[in-house]
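Notes follow the structure.
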Amino acid sequence: MKILESMLKKWVQIPENIYELTNQKIIEIDEFGPVNPATQLVVGHVLTCIDHPNSDHLHVTTVDLGDRVEQIVCGAPNVAAGQYVIVAQNGSVLPGNFEIKATKIRGVESNGMICSLKELGIDDKNAPEAHRTGIYTFDGVREIGSSGLAAIHQEGWVMTPKLTPNRGDLLSVLGFAYDLASMTGQKIHLPHIHIKEEHQHNPFDVNIHTQGCGRYYARHFTHVKIQESPWWLKSALLACDINPINNVVDISNYVMLEYGTPLHMFDASKIGSSQIVIRDAFDGEEVISLDDQKRILHPDDVVITNGKNPIAIAGVMGLANTMITEDTHEVVLEAAYFEPKRIQKTSKRLGLRSDSSLRFERGIDDERVLLGLERASELLVELAEAKVSKGIASSLHHQSENPIVRVHKNYFNEQLGVVIPELELIQILNAYNYRIEFENDMIHIKAPSYRKDILIEADVLEEVARMYGLDRIPMKSIDKPLPGKLSFKQKRLRQIRHHFANLGLNEVITYSLLSIDKVNRYGRLGEPVSILMPLSEDRKTLRQSLANGLLESIQYNQARQMKDIAIFEIGNVFAQDLETLQLGVAMSGTWQKLPWKKEKITADFYVLKGLIEGVLNPLSITLSYENSSDVAAYHPYRQAKIKYQNQVIGTIAELHPSEVKRLGIEPTVICEINLDALLNTQQPVVFKPISRFPSISRDLAIVVDEKITADELMQLITQTAKKNLVNLEVFDVYQGAHIEVGKKSIAFSLEFGDNDKTLSSDDVDQLMKKITNRLSFSYKAVIRN
């Protein structure tokens, strides 16, 4: 959106410090500069024009510049005495940094240049047809010596505000004028537009059959003359980066810039009915838009119809079947209010983004719709010689009301840390055209219809602060600053991150949004949650596992010759009414290389398990594992549930070979742990002195059923000898020769000790006997010799 000085000054008196005032109190400015960078241009009157004595195509002219008469050599074929022209004086700088200097052209002095529009930076295609060759000449008498840029409607500045999504009201010159008037103590007076109507009645009826349209107005015009727009209109549109097309289309664009009301015009003879019905589109309904593209519609779309067939996609684009052409003489002018969310969905899904759809998406002033219609009607009569049929066909389905914000009268002073007298506060609110009412200590505030962004008390606070002046709010330090420190949860998260990083893993941050078909591929947390207006279908539903993002990262890197990957992520996963913090770790390829020994360690289930335990054990977190085959995307015999204090908190697994093939990656192991259970409980740190007495080691090899896990056996051994058992490790698992089918051999290394005495061999023998007896009784274990 661009704001033109020439359009703005019709509404308010513009202060000299407009740039600073806008930046400080209204909105940040992206660009600010002249509409046309040319300098020192004046209107001149050609007094005489004779042929150049030394040229067959040049002319020598004398031009009255108001304060003097200059001789100028001109090469334009259309220059003639009596013309009023634009003159660049000596010292003028034209677009392209071209400076005009006094010179001699084939022996004749020339002081200045008579300009064409092209030399003033205006393309031939946009210039009036009569002035596309040669110099620009005015149709009638102009004030000699006056500003040349003003004479061709190129004077003044153009501003590009850096609009934020909530300030849809600034998408029009009138909207900006309202805010500027508030800051400068002025009032905006809306014009009363009187349209001369013919005796013929408007033949159309309007009906709204959808929640997507609040109100709709339609005027009918006959004897419309499609032609080139006058230069003042084309100049305004060009300054706002809109290409002029013809007077009818240009009028709708100009009114949109001026009032912020998008309009659309139909060729009335092509509508094919006297009915205009606004309804929801049918699923799969096909239309051809103005850009000659076939569009397939959805029930979320709103369409304008002739009672049967669509004639426009509401708020987005017209259709080819009612397009305005050079042969159009009868027009229906539409002005309407469409619901922002409906237009946003349609515009995004169809890939049709326009100035009109942008304004509907941000929310237009529904009370200004009729005013925009009448302004466009006025211009159609003036510039297209249109005849206006009597009456406006209209329908009101529902009104868009701003909420009433209830604020305590001390709220502003408490939040801003200043004392704003009640009278000054009332003046500020009145300047914004808010409707205010007092009830005891509460103020009830309702913003005007063009301010759709004033919804809560913080919105009003921001408005009061910017008018009061942010520079007037003192910078104060906190009287009693609280000592900053990390919480237990923050400390533990930092420790986990540092441990993994020190081990050589890279932390990643992956997308929280997935396509709906991928959400439960690696686990189900609950009912999926999808956002209402996703950027794409691939990023629509909140993740329920970190595995998706980790595996995408491995896939991306391995596709670029980075085969050895070890990564981790700490992030949230989501389900309906549920959000948990998870730790995810994934490894693929080689973990460690020992080239001098020609050895390497490949990332597998046990390497990952060891890493997890190596990180968590120093934090007094001891995990246990249980066989599982719940996740089909994981290897059925190489996955396990991770348990903490007998609660399942995660999964560790090797990726299923078919999943590896589908993703096109190397064999991968992955782990996911719910951190909430580990971060909310602080385990006491217990210190034990190193025993002064020596320990005794024994080995124990037993044969058990192959379905019995080593963990089950270790738990029983620990329960039996926990007082004297210092360390317990598995050092061998064997199946094969000399072992019965369906059985396996597991060998343990046990270390015994006592803090009060040196254990004797008999003591250890007694402990070993208890252990073997329990193993034999509970698991039918057989001691191997």
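The values are calculated or read from the model by the stated rules, or taken from the named source; none is laboratory data. No experiment lies behind these values; they were computed from the predicted model shown. All Cβ positions, glycine included, derive from the backbone under ideal geometry; neighbour counts span all protein chains shown. Keep in mind that these areas ignore ligands, DNA and RNA; they rest on the heavy atoms of the full protein, side chains included. Shrake-Rupley method; radii C 1.70, N 1.55, O 1.52, S 1.80 Å.
Report yes if GLU437 is in a strand (DSSP E or B) and either exposed (fewer than 14 other Cβ atoms within 10 Å of the Cβ) or of a type in the set (S, T, N, Q) (or both), otherwise no. It would help to see each step written out before you state the result.
Working: in a strand (DSSP E or B): yes; either exposed (fewer than 14 other Cβ atoms within 10 Å of the Cβ) or of a type in the set (S, T, N, Q) (or both): yes.
Against the criterion (in a strand (DSSP E or B) and either exposed (fewer than 14 other Cβ atoms within 10 Å of the Cβ) or of a type in the set (S, T, N, Q) (or both)), GLU437 qualifies.
Got at least one residue in region 157-167 being β-branched (Val, Ile, Thr), open to solvent by less than 30 Å² (accessible area, probe 1.4 Å), within 30 Å of PRO262 (Cβ to Cβ) and part of a loop (DSSP other than H, G, I, E, B)?
So in region 157-167, the residues β-branched (Val, Ile, Thr) come out as 158, 160, 164.
Those left that are additionally open to solvent by less than 30 Å² (accessible area, probe 1.4 Å): 158, 160.
Imposing the further condition that a residue be within 30 Å of PRO262 (Cβ to Cβ) reduces the set to 158, 160.
Filter once more, so that each one left must be part of a loop (DSSP other than H, G, I, E, B): none.
No: zero hits.
Out of the residues in region 732-785 that are charged (D, E, K, R) and assigned to a helix (DSSP H, G or I), which is farthest from the chain's Cα centre (by Cα)?
Within region 732-785, the match that is farthest from the chain's Cα centre (by Cα) is ASP762.
Quick grid of which residues meet (1) over 18 Å from THR133 (Cα atoms); (2) among the β-branched types (Val, Ile, Thr); (3) open to solvent by 40 Å² or more (accessible area, probe 1.4 Å):
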site: GLY44; (1), (2), (3): yes, no, no
site: PRO53; (1), (2), (3): yes, no, yes
site: ASP56; (1), (2), (3): yes, no, yes
site: VAL73; (1), (2), (3): no, yes, no
site: ALA76; (1), (2), (3): no, no, no
site: VAL85; (1), (2), (3): no, yes, no
site: ILE100; (1), (2), (3): yes, yes, no
site: THR103; (1), (2), (3): yes, yes, yes
site: SER110; (1), (2), (3): yes, no, no
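Could you list, in sequence order, all residues of region 568-585 that are of a type in the set (Phe, Trp, Tyr) and open to solvent by 20 Å² or more (accessible area, probe 1.4 Å)?
Of the residues in region 568-585, the ones of a type in the set (Phe, Trp, Tyr) are 568, 574.
Within region 568-585, just PHE574 meets the criteria.
For the structure I just gave you, tell me whether ILE473 is without any contact (Cβ under 8 Å) to a residue 60 or more places away in the chain, in contact with a Phe, Trp or Tyr (Cβ under 9 Å, 6 or more places away or on another chain) and within 24 Å of TYR411 (Cβ to Cβ).
On the way: without any contact (Cβ under 8 Å) to a residue 60 or more places away in the chain: yes; in contact with a Phe, Trp or Tyr (Cβ under 9 Å, 6 or more places away or on another chain): no; within 24 Å of TYR411 (Cβ to Cβ): yes.
So ILE473 fails the test.
Restricting the search to region 186-215, which residues are polar (S, T, N, Q) and open to solvent by less than 70 Å² (accessible area, probe 1.4 Å)?
The initial filter retains those residues of region 186-215 that are polar (S, T, N, Q), namely 186, 200, 202, 207, 210-211.
Matches in region 186-215: GLN186, ASN202, ASN207, THR210.
Given the residues LEU550, LEU493, LEU525, which is the only one that is of a type outside the set (D, E, K, R) and in a loop (DSSP other than H, G, I, E, B)? Reasoning before the result, please.
Details: LEU550 fails: in a loop (DSSP other than H, G, I, E, B); LEU493 fails: in a loop (DSSP other than H, G, I, E, B).
Every option except LEU525 fails the conditions.
List pairs: first residue in region 670-697 and closer than 15 Å to LEU725 by Cα and touching a residue at least 12 places away in the same chain (Cβ under 8 Å), second residue open to solvent by 80 Å² or more (accessible area, probe 1.4 Å) and not in a loop (DSSP other than H, G, I, E, B) anywhere in the structure, Cβ distance under 6 angstrom, at least six positions apart or on different chains.
Qualifying pairs under 6 Å: SER695/VAL726.
With respect to ILE245, determine if the residue is touching a residue at least 40 places away in the same chain (Cβ under 8 Å) and out of contact with any His (no Cβ under 7 Å at 6 or more places or on another chain). Full working, then the answer.
Working: touching a residue at least 40 places away in the same chain (Cβ under 8 Å): no; out of contact with any His (no Cβ under 7 Å at 6 or more places or on another chain): yes.
The answer is no for ILE245.
In this structure, is GLU424 exposed (fewer than 14 other Cβ atoms within 10 Å of the Cβ) and in a helix (DSSP H, G or I)? Reasoning before the result, please.
Numbers: exposed (fewer than 14 other Cβ atoms within 10 Å of the Cβ): yes; in a helix (DSSP H, G or I): yes.
In short, yes.
Looking at (1) among the aliphatic types (A, V, I, L, M); (2) outside any loop (DSSP other than H, G, I, E, B); (3) surrounded by 24 or more Cβ atoms within 10 Å (Cβ to Cβ), which is the only condition VAL388 fails?
(3)
Which strands (runs of 3 or more DSSP E) does region 614-678 wholly contain that include 1 or more residues that are open to solvent by less than 10 Å² (accessible area, probe 1.4 Å) and not acidic (Asp, Glu)?
Numbers: elements: 624-627, 634-644, 647-655, 668-674.
Passing ranges, in order: 634-644, 647-655, 668-674.
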